[in-house]
Amino acid sequence: MQFPLQPAAAKTIHRSQGDILNILVVDLTSHCKIDHIHYVALSRVTTIQGLQILHLQENKISINSAVKKEMERLRKNPPATSLFFLNEIPNKCKILFLNANSLHKHIEDVRSDYSLTSADLMCFCETRFLLINDLFVCFLYRPPKTPIKSLLTNLKNLEIKYFTGKEVIIMGDFNVNWSQQNIEKQQLQQYFDSISFRQLITTPTTDDNTCIDLIFTNLHTKSFQSGTLEVFFSPHKPVWIAI
């Protein structure tokens, strides 16, 4: 008589850092205290039901003194929250663009996100045009391999056909890193400077710390805001403007 056997694999707790497992047997046998080793070991599994612990050894649980000191500092001087939600802005027309990966897989996530859905106009990586009185809104996506010259040509065609006498907002994924000095940025900035447009987004818009999702506008009013939001299902951040 014996328990049924199943294929399994073993590794050290240090080597398991970053793993996400459904079923885990963790053996915490140790002759010495190792800072945070219990946290690493017990946080690899997705549910408590999938975790079995051997030799917990509570007297070996240890926390680094620098971590304790930092936690005390944060409790005395708690940082201001860095998260912002679009629904916190009342009584303004809010327009949002997001380059979303696999949107068809995450459409329910979008529908249940009260920050995203508080926008009056949303675009997900498709070119769309909306004309409201004298306000012209353009959503743009430039594939990484498309030459900057082609982008500028299309922008000039839009300028001739639609921009005259209107307040314009152009927002989207330009694939031009605005946080660095480069030839593509120089060419794009020269064009928009020539038609008196400014670029509003200055913080990173991707997980790679690049600023490639941009908003250009010639709005003269001072009563507008702009920025980025956080989503978990895309490496891009939504960019938004509230007028």
Scanning for something more than 20 Å from residue 95 (Cα to Cα) and assigned by TED's automatic domain parsing to the domain that holds residue 98, does region 131-141 turn up at least one residue? no
Among all residue pairs at least 6 apart or on different chains, which show Cβ distances below 8 Å where the first residue, located in region 159-182, is assigned by TED's automatic domain parsing to the domain that holds residue 201 and part of a strand (DSSP E or B) and the second is exposed (fewer than 13 other Cβ atoms within 10 Å of the Cβ) and not β-branched (Val, Ile, Thr)? 167/134; 167/220
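So that you can scan it fast, the table gives a plain yes or no per residue for (1) surrounded by 18 or more Cβ atoms within 10 Å (Cβ to Cβ); (2) at pLDDT below 95:
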site	(1), (2)
189	no, no
194	no, no
197	yes, no
206	no, no
210	no, no
215	yes, no
222	no, yes
232	no, yes
235	no, yes
Can you tell which of 60, 94, 76 is at pLDDT 90 or above, of a type outside the set (Phe, Trp, Tyr) and either touching a helix residue (DSSP H, G or I) at 6+ places or on another chain (Cβ under 7 Å) or in the same structural domain as residue 228 (by TED's automatic domain parsing) (or both)? 94
Would you please list the contacts, defined by Cβ atoms under 6 Å and residues six or more apart or on different chains, that run from a residue in region 100-111 that is free of Cβ contacts under 8 Å to residues at least 60 places away in the same chain to a residue that is surrounded by 15 or more Cβ atoms within 10 Å (Cβ to Cβ)? 103/124; 110/116
Go through region 149-176 and count every residue that is touching a helix residue (DSSP H, G or I) at 6+ places or on another chain (Cβ under 9 Å) and crowded, with 19+ Cβ neighbours inside 10 Å. 7
Single residue of 16, 65 found to be modelled with pLDDT of 90 or more, surrounded by fewer than 14 Cβ atoms within 10 Å (Cβ to Cβ) and not basic (Lys, Arg): 65
Look through region 16-69, keep the residues that are closer than 21 Å to residue 6 by Cβ and of a type in the set (Asp, Glu), and return whichever of them is nearest to the chain's Cα centre (by Cα). 19
Looking only at residues in region 105-117 that are surrounded by fewer than 17 Cβ atoms within 10 Å (Cβ to Cβ) and not β-branched (Val, Ile, Thr), which one is modelled with the lowest pLDDT? 105
Take the conditions in the same structural domain as residue 181 (by TED's automatic domain parsing) and touching a helix residue (DSSP H, G or I) at 6+ places or on another chain (Cβ under 7 Å) and apply them to residue 201. Does it pass? no
When you scan region 118-141, do you find a residue that is surrounded by fewer than 10 Cβ atoms within 10 Å (Cβ to Cβ), at pLDDT 90 or above and either farther than 20 Å from residue 195 by Cβ or out of contact with any helix residue (DSSP H, G or I) (no Cβ under 6 Å at 6 or more places or on another chain) (or both), even just one? no
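The values are calculated or read from the model by the stated rules, or taken from the named source; none is laboratory data. Note that the coordinates shown come from a computational prediction; the quantities given were computed from them, not determined experimentally. Note that each Cβ is placed from the backbone with ideal geometry, even for glycine, and that neighbours are counted across all protein chains shown.
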